[in-house]
Amino acid sequence: MTRGFIDLHCHTSASFDCLSRPGDVVRAAAARGLTHLVITDHDRIDGALAARDEGPGGLTVIVGEEVRTSEGDLVCAFLERAIPPGLSAADTVAAAREQGALVGIPHPFDRWRGSLLRDARMASLVAQVDWVETHNARVVGGGNQRAAEFAHEHGRPGVAVSDAHSILEVGVAYTALDGDPSTPAGLLAALADVELVPGRASFTIRLWTPVAKLVQRARGNGRIRSATLG
């Protein structure tokens, strides 16, 4: 059976907090041995489409998005159209399903970011998603451990992701699996039995993110706003 190596959460310069050009991201992913990469820029998919066009042989680029819902972030994979920010989490899941896409919960207990499960009322949403990030390379503190416990308790697959916002972070954490995760059905089947390959983004690398935000703001590429979130 084919062995796949997938990073389900990665950003490009289409995001307001990243300066990594799509072509550079996919070349780094391929060089580091990944077979599949989901590009999940904040609230847009143009960077993912560009990355897919520039993907080198041997790497399958999947169009995704990190969507800022009114209750916290969700990540989607296998999108054809961008999902606007500001919808409820349930409506965001529904919008993704209309496209045949899959949905995961990113950094669910990270206290520094838009983490959906910090609100205990959102735990009921877990039955509607396909995976939970149980190792996010950018999470500090006990958030990953809590995520792993939560996923186990609720019977959801756990995945490891880089959440890369720089070239150096691409593939620093990923998920190894058997099968072909190139389609929604293939990824769902493969998630039944995975191996998490954890890694960490150094604090030095993470200091680059505030700089990226300033540069992007100066370029006019700030965060996409919604009527409900501002």
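The values are calculated or read from the model by the stated rules, or taken from the named source; none is laboratory data. Every value quoted in this text rests on a predicted model; they were computed, and no experiment measured them. FYI the Cβ positions are ideal-geometry reconstructions off the backbone, even for glycines, and counts take in every protein chain you see. All accessible areas refer to the heavy atoms of the entire protein, side chains included, with ligands and DNA or RNA removed. Shrake-Rupley method; radii C 1.70, N 1.55, O 1.52, S 1.80 Å.
Descriptive notes on the structure:
- A crude spin-label estimate for the pair Thr183 and His152, with each label 7 Å from Cα along the Cβ direction, gives 3.4 nm.
- Alpha-carbon Rg/Rh ratio, for segment 9-112, with Rh computed the Kirkwood way: 0.97
- With all protein chains modelled, accessible area of Asp17 [1.4 Å, Å²]: 10 Å²
- When Trp112, Trp131, Trp208 are compared by accessible area of protein heavy atoms, the largest-first order is Trp112, Trp208, Trp131, using a 1.4 Å probe.
- Taking the Cα centre of the chain as reference, the dipole from Cβ charges on Lys and Arg (+1) and Asp and Glu (-1) amounts to some 780 debye.
- Placing a label point 7 Å from the Cα of Ser202 along the Cα-to-Cβ line, no residue of segment 123-144 has its backbone N under 11 Å from it.
- Over the chain, DSSP H runs of length four or greater, each weighted -39,500 (n - 2.57), average out per residue to a 222 nm ellipticity of -7500 deg cm²/dmol.
- Sorted largest first, the principal axis extents computed over the alpha-carbon atoms of the chain equal 44, 41, 36 Å.
- Per residue, segment 55-164 exposes an accessible area of 37 Å² to a 1.4 Å probe, with every protein chain left in place.
- The chain - percent of accessible surface contributed by carbon and sulfur, probe 1.4 Å: 54 percent
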